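Some notes on the structure that comes next.
The values are calculated or read from the model by the stated rules, or taken from the named source; none is laboratory data. Quick caveat, the model's predicted, so the values are computed rather than measured. Positions of Cβ are backbone-derived with ideal geometry, glycine not excepted, and every protein chain shown enters the neighbour counts.
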Amino acid sequence: MKATVYEGPRSVAVKEVPDARIERPTDVLVRITTTNICGSDLHMYEGRTDFEEGRIFGHENMGEVVAVGDGVDRVRVGDLVCLPFNISCGFCRNCEKGLTAFCLTTPDNPKMAGAAYGFADMGPYDGGQAELLRVPYGDHNCLVLPEEARERQSDYVMLSDIFPTGWHATQLACVQPGDTVVIYGAGPVGLMAALSATLKSASKIMVVDRHPDRLALAEEIGAIPIDDSKVSPVDQVNEQTDGLGADRGCECVGYQAHDPQGHEHPNLTLNNLVQSVKFTGTIGVVGVFIPQDPGSPDKLYKEGEIAFDYGLLWFKGQTIGNGQANIKAYNRQLCGLIQAGKAKPSWIVSHELPLDKAPEGYQHFDARDNGWTKVLMHPDGGSHN
């Protein structure tokens, strides 16, 4: 099969690799029809993680079931399915609580919790930027989609990661109807957090970024764009909230946050949130932070530490929630919103490419080239909208 293989920093190639196959009775084999490039793929693409050369990228996947193991009861050949990026068992202590991002069965390191397709330090599993994908614990991990999803794949594929992750940001931040919300980052996850806050009837949503194309997408759904290359985002949020600060804040950037001059500061968005969220406000952090980052220009963050305004956080009585989204906790409900026409997450999609164009897609998305806001790839060569 063809697959997108990591060859080293800022280098991927589409190569022929051994076909994915059923390995255990509980496996499902999926022919991938749509797979996305995610912002968290870029950390690995840039060589900032220990993702091994020769491995396959891709954790935002959907496709058609072409084979099932003997132990699969529910999923059928021919089903169109969307796959949570978390690979979970469904029966361990964490999965039973709905914490599927922290599955205790699927990691290959006993000191870790959680696994994912094609992701550094999250198990040995191949990614889905390929023609075929093996799905462990298929009955549990496959979300079977309605028939209309075949023609609306650019909406439904977002259930694999970024739509539930954006929703998770608002859950961690405890967004309620009528709240004011500030979101740092207008990448795909930040835009999904803005969409989620809209669906939760937030009264005012402010999105901080500096890329005009991304801010324009935020504005399309009624969010207030704040360009931090032109104004202080903290001052702007205060101005928009009568000096009180936002009720809720979402961090959707992660450890490679940059200032407008292009310098990297892993603490930038976190400290801005502490300053721009009100006393007793809540903050949800879904941008990726990692335990060590030897490639960081920040001396502290090489060891996974940051200079964080904890004193101000404490003084303001703020609460902060962290971590990867438990996709299965949300994807079925969010699927219902898409099916009912209440949510159309595909509004952020800028490019749909055949798999062979993966190197070009990575290059443009990594460079934040104007207009490259979300890239979908179709290994089967089709377009599904």
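For the reader, a short list of remarks on this structure follows.
- Highlighted here are the strands (runs of 3 or more DSSP E) found entirely within segment 1-56 that include at least 3 residues which are of a type in the set (A, V, I, L, M): 11-16, 28-37.
Rundown of residues vs (1) surrounded by 14 or more Cβ atoms within 10 Å (Cβ to Cβ); (2) under 23 Å from residue 325 (Cα atoms); (3) acidic (Asp, Glu), yes/no style:
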| site | (1), (2), (3) |
| --- | --- |
| 245 | yes, no, no |
| 248 | yes, yes, no |
| 264 | yes, no, yes |
| 281 | yes, yes, no |
| 286 | yes, yes, no |
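- Of all residues in segment 317-342 being within 17 Å of the chain's Cα centre (by Cα) and hydrophobic (A, V, I, L, M, F, W, C), the one that is nearest to residue 88 (Cα to Cα): 327
- Residue within segment 343-353 that is assigned to a strand (DSSP E or B), under 22 Å from residue 252 (Cβ atoms) and of a type in the set (Gly, Ala, Ser) present: no
- Those residues of segment 104-139 which are part of a loop (DSSP other than H, G, I, E, B), out of contact with any Phe, Trp or Tyr (no Cβ under 9 Å at 6 or more places or on another chain), farther than 20 Å from residue 41 by Cβ and modelled with pLDDT of 95 or more, in sequence order: 104
- All positions within segment 77-94 that are on the phi < 0 side of the Ramachandran plot and free of Cβ contacts under 8 Å to residues at least 60 places away in the same chain: 77, 87, 89, 91, 92, 93, 94
- The residue that is nearest to residue 24 (Cα to Cα), among those in segment 72-103 that are among the aromatic types (Phe, Trp, Tyr) and not in a helix (DSSP H, G or I), is 91.
- Only one of the listed residues (343, 307) is surrounded by 13 or more Cβ atoms within 10 Å (Cβ to Cβ) and assigned by TED's automatic domain parsing to the domain that holds residue 149. That residue is 343.
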